[in-house]
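Data first, discussion second: the structure below is written as structure tokens.
The values are calculated or read from the model by the stated rules, or taken from the named source; none is laboratory data. Just so it is clear, the structure is predicted and the values come from calculations on it, not from any experiment. Ideal geometry is used to build each Cβ from the backbone, glycine not excepted, and the neighbour counts take in all protein chains shown. Quick note on the areas: whole protein, heavy atoms, side chains included, nothing else; ligands and nucleic acids left out. Shrake-Rupley method; radii C 1.70, N 1.55, O 1.52, S 1.80 Å.
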Amino acid sequence: MPANQTVDATAPKSGPLFGRRIVVTRAPEQAKELASQLSELGATVVLLPAISFAEPADSGPLDAAIASLSTFDWILFTSANAARFFGRRCKARGVDPKSAQSGARPLFVAVVGPATAEAAAKEGFLVGHMAQEFQGISLAKELAPDLTRKRVLIPHGDLAAVDLTVALRFAGADVTEVTAYRTLDADSVPSEALDAVRKGEVDIISFFSASAFRSVSGRVGVGVLGEIPIAAIGPVTADAIREAGLKVAVESKVPTAKAFIAALLAHFAEPAVL
């Protein structure tokens with residue numbers, strides 16, 4: 001499906017999601033595979049790219065961290081985007097992740113969940129630990145004994161929470177944070193998709209991040225979203241939606257496309273409550 005296509009008109013005429021109009025708010029480069037999978041299940045996919053991602057305005061601190069990568073003991077990735085942008089910047093600066101991990105000083109990599117693990121692996125990192133609860137703060141809880149007096153690098157987005165860093169420093173880790181990417185509102189959002197949401201002409205709207213939720217709610221209003229079933233991917237996203245006073249109809253606690261689709265199928269298989 002082209003990144004700028006608003007609605008998938010090629011959806012099969014049957015399937016467990018046939019007749020369901022599902023809004024996907026992911027960035028265009030991340031929505032393609034999910035949209036294709038939903039379409040194969042019969043859904044009509046409404047693409048509403050709420051946010052986009054870009055390199056940091058100032059790459060100086062990031063480049064400095066990459067140049068001194070051999071001085072760190074751990075790298076913690078709390079999102080797939082952090083792994084992607086950091087890995088790409090490493091390569092742009094002539095640093096090979098595999099070589100960095102196989103140096104005289106061991107460099108371990110920990111990630112927040114399976115999607116981040118996959119992104120890190122694609123960038124050439126060997127992942128040694130994945131959080132059991134798929135949240136950044138879980139890394140601090142699980143790794144605290146191993147990170148005391150260790151140098152830890154956390155490449156993250158410009159909107160990242162500080163709870164992980166605070167917890168790690170409390171545990172005695174020497175933490176360096178660098179911004180690996182920025183989260184921006186999408187330059188343009190398809191008016192057809194926004195109109196469909198405002199008119200309630202969709203069956204569910206999905207959010208993969210708190211940033212996407214805030215962007216869409218800012219465009220259409222929290223009240224409008226309160227009239228539409230909402231799907232949240234991951235506990236952080238679900239918490240942000242509930243903090244805005246809205247209900248979460250579908251929650252995929254595992255932040256992967258596979259788990260999200262399974263949660264959707266279960267939701268629509270349930271008999272309607274009259």
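Residues checked against (1) surrounded by 17 or more Cβ atoms within 10 Å (Cβ to Cβ); (2) in a strand (DSSP E or B); (3) of a type in the set (A, V, I, L, M):
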{"site": "S99", "(1), (2), (3)": "no, no, no"}
{"site": "G103", "(1), (2), (3)": "no, no, no"}
{"site": "A120", "(1), (2), (3)": "yes, no, yes"}
{"site": "E133", "(1), (2), (3)": "no, no, no"}
{"site": "K141", "(1), (2), (3)": "no, no, no"}
{"site": "D146", "(1), (2), (3)": "no, no, no"}
{"site": "L153", "(1), (2), (3)": "yes, yes, yes"}
{"site": "A160", "(1), (2), (3)": "yes, no, yes"}
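Screening A115 on (1) within 21 Å of the chain's Cα centre (by Cα); (2) at pLDDT 95 or above; (3) in a helix (DSSP H, G or I) shows it passes everything except condition (2). Among the criteria (1) open to solvent by less than 20 Å² (accessible area, probe 1.4 Å); (2) under 26 Å from L184 (Cβ atoms); (3) of a type outside the set (D, E); (4) in contact with a strand residue (DSSP E or B) (Cβ under 8 Å, 6 or more places away or on another chain), the one S52 does not fulfil is (1).
Residue pairs whose Cβ atoms lie under 6 Å apart, separated by 6 or more positions or on different chains, with the first residue in region 174-190 and touching a residue at least 60 places away in the same chain (Cβ under 8 Å) and within 30 Å of S68 (Cβ to Cβ) and the second open to solvent by 30 Å² or more (accessible area, probe 1.4 Å) and aliphatic (A, V, I, L, M), are T183/L159. Evaluation of K141 against the conditions (1) modelled with pLDDT of 95 or more; (2) under 22 Å from P235 (Cβ atoms) shows that the sole unmet condition is (1). State which residue is nearest to I22 (Cα to Cα) when the search covers only region 178-193 and only residues that are within 22 Å of the chain's Cα centre (by Cα) and surrounded by fewer than 18 Cβ atoms within 10 Å (Cβ to Cβ). Per the stated criteria, the residue is P190. The combined condition, being surrounded by 15 or more Cβ atoms within 10 Å (Cβ to Cβ) and at pLDDT below 95, is not fulfilled by A231.
Only helices (runs of 4 or more DSSP H) wholly contained in region 202-244 count here; list those with 1 or more residues that are touching a Cys at 6+ places or on another chain (Cβ under 7 Å). Reasoning before the result, please.
Values: elements: 210-220, 222-225, 235-243.
Once the helices (runs of 4 or more DSSP H) in region 202-244 are filtered for at least 1 residues that are touching a Cys at 6+ places or on another chain (Cβ under 7 Å), nothing remains.
The set of residues in region 63-81 being open to solvent by 40 Å² or more (accessible area, probe 1.4 Å) and of a type outside the set (S, T, Y) consists of A64, A67. With respect to A193, is the statement that it is part of a helix (DSSP H, G or I), within 14 Å of T25 (Cβ to Cβ) and small (G, A, S) true? So A193 fits the description; yes. Given the structure, is G60 out of contact with any helix residue (DSSP H, G or I) (no Cβ under 6 Å at 6 or more places or on another chain), open to solvent by less than 10 Å² (accessible area, probe 1.4 Å) and either free of Cβ contacts under 8 Å to residues at least 24 places away in the same chain or farther than 26 Å from R214 by Cβ (or both)? When the stated conditions are applied, G60 does not pass them. Among residues of region 14-39 that are within 19 Å of D195 (Cβ to Cβ) and touching a residue at least 12 places away in the same chain (Cβ under 8 Å), those with a beta-carbon under 7 Å from a residue that is part of a helix (DSSP H, G or I) and of a type in the set (F, W, Y) at least six positions away or on a different chain give the pairs R20/F268. Scanning region 223-250 for residues being more than 20 Å from the chain's Cα centre (by Cα) and more than 28 Å from F18 (Cα to Cα) gives a total of 1.
Residues that are among the charged types (D, E, K, R) and closer than 19 Å to A212 by Cα were ranked within region 1-27; the one that is modelled with the lowest pLDDT is R26. Between A65, A82, the distinction of being in contact with a helix residue (DSSP H, G or I) (Cβ under 8 Å, 6 or more places away or on another chain) and at pLDDT 95 or above belongs to A82 only. Is region 237-246 home to any residue that is out of contact with any strand residue (DSSP E or B) (no Cβ under 8 Å at 6 or more places or on another chain), at negative phi, surrounded by fewer than 18 Cβ atoms within 10 Å (Cβ to Cβ) and not acidic (D, E)? Taking every residue of region 237-246 in turn, at least one turns out to be out of contact with any strand residue (DSSP E or B) (no Cβ under 8 Å at 6 or more places or on another chain), at negative phi, surrounded by fewer than 18 Cβ atoms within 10 Å (Cβ to Cβ) and not acidic (D, E).
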